[in-house]
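Here is the structure we will look at.
The values are calculated or read from the model by the stated rules, or taken from the named source; none is laboratory data. Worth saying up front: this structure is predicted, and the values here are computed from it rather than measured. Neighbour counts run over all protein chains shown; Cβ positions are idealised from the backbone, glycine included. Keep in mind that these areas ignore ligands, DNA and RNA; they rest on the heavy atoms of the full protein, side chains included. Shrake-Rupley method; radii C 1.70, N 1.55, O 1.52, S 1.80 Å.
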Amino acid sequence: LGPLALARLQSVPQGPHAHHALAERLELGRNGTEELEETAFAYKWIGLIYLHNHDYEKAISNLEIVYDLEIKDVELFYNLGLAYFQVGNYDLTKKMLKDLKNIDVIDAQVTWMIKTLTKLLESIDMS
């Protein structure tokens, strides 16, 4: 990461009160849409790093912040579904699968994501 991207990631609120910190930052008079997009981008990528490192609880914590912002992002739905699956929260995995299926444009990537989450859920139903 470059110095600017690293600085943005380091300035992103973390921890149990991150939602409140995010709301406060959005009310400071900056361009709310731009700030929201930058913050969502940072939380998403922090969550993906945790997911890649098998720290599923921290991945979920960061990805849920983006989800709570009601940003429709297929990668978010898929990766949050994977993280939920890894911690055994199959109901929320199914919810992410449903969100994926409700995306307006179903392309090859989304089709693959849907099939992958479906196969994971089928693997526990067979057990």
Original post:
Under a 1.4 angstrom probe, counting protein chains only, how are Phe41, Phe77 ranked by accessible area, largest first?
Top reply: Phe41, Phe77
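Give me the net charge for the shell around Val74: Cβ to Cβ below 15 angstrom, other residues only, Lys and Arg +1, Asp and Glu -1.
Details: positive: Lys44, Lys72, Lys95, Lys98, Lys101, Lys115; negative: Glu70, Asp73, Glu75, Asp99, Asp104, Asp107.
Taking every other residue near Val74 into account, the sum is 0.
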